[in-house]
Every structure is written in C-alpha cells, then in structure tokens.
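Below is one structure. I have some questions about it.
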Amino acid sequence: MVIEPERPADHAAVRAVVGAAFADEPSVVDLVELIRASPGYLPSLALVARVDDEVAGFVMLSRAELVSDSGSRHPVLTLSPLAVAPALQGRGIGSALVPAGLAAAERLGEQLVVLEGSPRYYPRFGFRDCRPFGIQIHLPDWSAPEAGMVFPLSAYDGRARGWVVYPPAFAVVGAG
C-alpha cells in the first residue's frame with residue numbers, strides 16, 4: 001500500500017471509492033467535490049491509499065473554525081470523509097490513512113483536528129471526546145455526545161475553544 005496526496009487524475013477513482021463506501025449517504029461524494037472547490041481545501045491533506053496502483057481508500061482533512069462565545073475564531077482541521085472501498089475494508093487501509101493524515105497536518109503546523117465519528121473507532125488513533133477541551137460540535141440527536149472528537153497536534157496550546165463551525169460545503173451532509 002502506498003499513501004500519497006491525491007492528484008487530479010485520481011478524482012474519478014476517489015469519487016467511486018467514496019460513493020461505494022457511503023452508498024447510504026450519497027451526499028458525501030458531493031462533499032468531497034465541494035471541499036475541493038473551496039478555500040478550505042488543502043491538497044496535501046487529501047490522501048489516497050493505493051493498492052496495486054488502484055485507489056483503495058481516501059481521507060480528507062480540510063479547514064473549519066472554532067468560534068468562541070466572545071466571537072474569536074481559531075482555524076482547525078476537520079477529518080471528513082474517510083472512505084475505503086467496501087471490498088477492501090478490514091485490511092488496515094483506513095487505519096493507515098488516518099495516521100498519515102494526522103502526520104501531514106502535524107508537518108503543516110496545524111493545532112487541532114476535529115471530527116464526528118465512531119467513539120469505538122477513532123480513539124485508537126488518539127482522538128478524544130472534544131468536550132473536556134472546551135470544544136463543542138453540533139451533533140445529530142441520534143449521535144452519542146462522545147462522537148464529537150478532537151486530536152490535539154503538538155502546536156495546540158489549549159486556547160482554541162468554542163463551537164466547531166463547518167464551511168458551507170458541509171451543508172450537503174447536514175453538518176454545521
């Protein structure tokens with residue numbers, strides 16, 4: 001397996017992998033394309049996993065903000081989506097993509113990565129409940145409160161607190 005930043009030539013394959021992985025949530029495919037077209041897109045943080053030279057998985061970290069009660073804004077990253085071709089799930093592809101994305105964010109000097117995800121899956125990578133950090137994420141009513149998670153990178157100084165505000169692209173999946 002090789003993990004590297006996506007290239008424009010990968011977009012169709014990424015669309016296919018994300019579409020298959022999120023067959024019940026087709027708006028996630030649109031989310032990827034809307035993020036790519038937005039100022040929050042960071043090409044070095046949109047990674048593909050290749051198996052036998054084919055795109056087998058994808059992870060994207062892009063810009064979001066924390067907005068405090070006083071109105072101060074802090075840039076953060078959000079990890080969404082993480083997708084692996086269904087036929088290849090359970091082979092460690094997602095488990096390789098997440099740390100690769102976090103390491104790339106670390107190299108860029110970012111402070112925090114936030115996500116909405118399974119509290120049974122993401123803690124294995126070091127994600128923690130965001131609430132003790134003073135960070136709030138608007139979650140769906142059916143979601144467990146601990147599904148709002150954060151990964152503090154080494155540049156995190158503890159001052160960034162508040163509500164996660166997603167960019168407009170995330171409206172297609174009902175976030176924000």
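The values are calculated or read from the model by the stated rules, or taken from the named source; none is laboratory data. Here the structure is a predicted model, which means the values were calculated and not measured. Using ideal geometry, Cβ is built from the backbone for each residue, glycine included, and neighbour counts are taken over all protein chains shown. Just the protein is used for accessible areas: all its heavy atoms, side chains included, with ligands, DNA and RNA removed. Shrake-Rupley method; radii C 1.70, N 1.55, O 1.52, S 1.80 Å.
Looking at the structure I just gave you, is residue 70 within 16 Å of the chain's Cα centre (by Cα), open to solvent by 10 Å² or more (accessible area, probe 1.4 Å) and of a type in the set (S, T, N, Q)?
Details: within 16 Å of the chain's Cα centre (by Cα): no; open to solvent by 10 Å² or more (accessible area, probe 1.4 Å): yes; of a type in the set (S, T, N, Q): yes.
No; evaluated as a whole, the condition is false for this residue.
If residue 28 meets every condition in (1) in contact with a Pro (Cβ under 7 Å, 6 or more places away or on another chain); (2) among the hydrophobic types (A, V, I, L, M, F, W, C); (3) modelled with pLDDT of 95 or more; (4) open to solvent by less than 40 Å² (accessible area, probe 1.4 Å) apart from one, which number is that one?
Result: residue 28 fails condition (3) only.
Residue under question is residue 13, and the condition is that it be more than 18 Å from residue 168 (Cα to Cα), in a helix (DSSP H, G or I) and open to solvent by less than 50 Å² (accessible area, probe 1.4 Å); does it hold? Before you say what the answer is, go through the steps one by one.
Working: more than 18 Å from residue 168 (Cα to Cα): yes; in a helix (DSSP H, G or I): yes; open to solvent by less than 50 Å² (accessible area, probe 1.4 Å): yes.
So residue 13 passes the test.
Moving to a separate point now. Pairs needed: first member in the range 155-167, open to solvent by less than 80 Å² (accessible area, probe 1.4 Å); second member anywhere, of a type in the set (D, E, K, R); C-beta distance under 6 Å; at least 6 residues apart or different chains.
Filtered contacts from the range 155-167: 165/65.
Of all residues in the range 102-125, which are surrounded by fewer than 15 Cβ atoms within 10 Å (Cβ to Cβ) and assigned to a loop (DSSP other than H, G, I, E, B)?
Passing the criteria: 108, 109, 118, 120, 121.
In addition: Let me spell it out: the conditions are (1) open to solvent by less than 30 Å² (accessible area, probe 1.4 Å); (2) out of contact with any Cys (no Cβ under 9 Å at 6 or more places or on another chain), and residue 137 meets all of them except one. Which number is the exception?
That leaves (2) as the condition not met.
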